[in-house]
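Only the coordinates and a few stated rules stand behind these numbers; no lab work does. Predicted model only: the values in this text are computed from it and were never measured. Cβ: placed from backbone, ideal geometry, glycine included. Neighbour counts: every protein chain shown.
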Amino acid sequence: MARIPYPSRASELPPVQQGGVRTLNVERMLYYLPDNLREEMGRLGKSLLWRGMLNPVLRELALVRVGRISGSAYEVYHHEALARAVGISEIQLDHVRRGDYSVGFTPQERAVLEFTDDVARNVRPNDKALAELQKYMSNGEIMELILAFGFYMTLCRILETFGPDLDDFVLEAKVR
């Protein structure tokens, strides 16, 4: 049961939306927002997941790690499923859960994970973490990475405050 009840407006949502897409419980909870904010938030989240320039593996490594750092079971549930769908192994996910990047990751993946940890914990990345990431990513990709995990850190705080029930399904990855 959700920590804070779903808004009454959410009852208007069909369990399956047009096109066969199921409604996530977090989407139901977002009906507390005015329509314009909810719609813009949805567009941004979907753009970061499906229309950005980031490599999906790098994005999902960062988002799973953000979910772990934030202690958000809901976030981790969906993004671990997306991570598996884009090719991240169970062994890698286990390492991400523990914050141990010493084996099983490329130098680029390790740089993304270490940068994610640093920014999520300290806001301003240390010079070493930033310099290492710049070896592998353009400034635009770094900007998108920060926007992606910043957006999902905000979502984790919403999830942990409102506590929507875990969905009985997971998001399906649109691998590009």
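Yes or no, residue by residue, for (1) under 21 Å from R157 (Cα atoms); (2) acidic (D, E); (3) out of contact with any Lys or Arg (no Cβ under 6 Å at 6 or more places or on another chain); (4) surrounded by fewer than 14 Cβ atoms within 10 Å (Cβ to Cβ):
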position: L30; (1), (2), (3), (4): yes, no, no, no
position: L48; (1), (2), (3), (4): yes, no, yes, no
position: R51; (1), (2), (3), (4): no, no, yes, yes
position: L54; (1), (2), (3), (4): no, no, yes, no
position: S70; (1), (2), (3), (4): yes, no, yes, no
position: A81; (1), (2), (3), (4): yes, no, yes, no
position: Q92; (1), (2), (3), (4): no, no, yes, no
position: V96; (1), (2), (3), (4): yes, no, no, no
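Taken across the range 125-132, residues that are among the hydrophobic types (A, V, I, L, M, F, W, C), farther than 30 Å from L166 by Cβ, surrounded by fewer than 16 Cβ atoms within 10 Å (Cβ to Cβ) and out of contact with any Pro (no Cβ under 6 Å at 6 or more places or on another chain) do occur, with at least one present. Selection within the range 165-176: residues that are over 16 Å from the mean Cα position of the chain (by Cα) and among the acidic types (D, E). The member of this set that is surrounded by the fewest Cβ atoms within 10 Å (Cβ to Cβ) is D168.
Inspect all residues belonging to the range 26-49 and state whether any of them is in contact with a strand residue (DSSP E or B) (Cβ under 7 Å, 6 or more places away or on another chain) and either without any contact (Cβ under 8 Å) to a residue 12 or more places away in the chain or over 19 Å from I146 (Cα atoms) (or both). No, the range 26-49 has no match at all.
The set of residues in the range 124-141 being more than 17 Å from G52 (Cβ to Cβ) and in a helix (DSSP H, G or I) consists of D127, K128, A129, L130, A131, E132, Q134. Scanning the range 142-164 for residues that are of a type in the set (G, A, S) and in contact (Cβ under 8 Å) with a residue 60 or more places away in the chain, we see that the one that is surrounded by the most Cβ atoms within 10 Å (Cβ to Cβ) is A148. For the range 122-135, check the following and say yes or no: at least one residue is under 19 Å from F151 (Cβ atoms) and among the hydrophobic types (A, V, I, L, M, F, W, C). For the range 122-135, residues under 19 Å from F151 (Cβ atoms) and among the hydrophobic types (A, V, I, L, M, F, W, C): present. Tell me, please, whether a residue that is surrounded by 12 or more Cβ atoms within 10 Å (Cβ to Cβ) and touching a strand residue (DSSP E or B) at 6+ places or on another chain (Cβ under 7 Å) can be found in the range 8-22. There is at least one residue in the range 8-22 that is surrounded by 12 or more Cβ atoms within 10 Å (Cβ to Cβ) and touching a strand residue (DSSP E or B) at 6+ places or on another chain (Cβ under 7 Å). From the list R121, R68, R97, the one residue that fits, being under 11 Å from the mean Cα position of the chain (by Cα), in a helix (DSSP H, G or I) and over 22 Å from K46 (Cβ atoms), is R68. Residues of the range 75-92 include at least one that is touching a residue at least 60 places away in the same chain (Cβ under 8 Å), in contact with a helix residue (DSSP H, G or I) (Cβ under 8 Å, 6 or more places away or on another chain), over 25 Å from T161 (Cβ atoms) and aliphatic (A, V, I, L, M).
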